[in-house]
Amino acid sequence: MCTAHPVRVEALDDLVWEQTCKLLAQPKLGLQEYTHRAQKKQRQSSEVTALLTKKKRELTQQEVEKERLPDLYQTGHVGLPEIEPRLKSIRAKIKNLHDEWA
């Protein structure tokens, strides 16, 4: 339940109408606000795209690491006791990256 003081609809209507009249009288303000919001949305979109690209790169790195483990085992560079925890860790990272991506 909201504990804030209620605002009369008439007062809110008056405020909205006042601001609308200001924008109509000064179209530059409306254009500036529109431009500001459009730029902000574009920046946010670019940030999301960059983050998704970074996560995809991390996911690819983890997949490559997972693929390397059997090769390291077969060549004798690491033993089975070393592979199991590393593989478990890589799988957890991959799952986390998939979750973050979603």
Query - Arg43 of a type outside the set (S, T, N, Q), closer than 30 Å to Glu82 by Cα and open to solvent by 100 Å² or more (accessible area, probe 1.4 Å) - result: no
Query raised in the report: Quick one: how many residues across the stretch 16-28 are among the aliphatic types (A, V, I, L, M) and open to solvent by 90 Å² or more (accessible area, probe 1.4 Å)?
Result: 1
Query - helices (runs of 4 or more DSSP H) completely within the chain that count 1 or more residues being among the basic types (Lys, Arg) and out of contact with any helix residue (DSSP H, G or I) (no Cβ under 9 Å at 6 or more places or on another chain) - result: 27-74, 80-101
Report summary line: The lone condition Gln32 fails out of (1) open to solvent by 90 Å² or more (accessible area, probe 1.4 Å); (2) more than 30 Å from Thr20 (Cα to Cα) is (2)
Report task. Could you list, in sequence order, all residues of the stretch 73-100 that are over 23 Å from Lys56 (Cα atoms) and open to solvent by 80 Å² or more (accessible area, probe 1.4 Å)? Result -> Tyr73, Gln74, Thr75, His77, Leu80, Pro81, Glu82, Glu84
Query raised in the report: Among (1) without any contact (Cβ under 8 Å) to a residue 40 or more places away in the chain; (2) within 30 Å of Leu97 (Cα to Cα), where does Val9 come up short?
Result: (2)
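The values are calculated or read from the model by the stated rules, or taken from the named source; none is laboratory data. Computed from a predicted structure; not experimentally measured. Glycine gets a Cβ as well: all are built from the backbone with ideal geometry, and neighbour counts include every protein chain shown. With ligands, DNA and RNA removed, areas are computed over all heavy atoms of the protein, side chains included. Shrake-Rupley method; radii C 1.70, N 1.55, O 1.52, S 1.80 Å.
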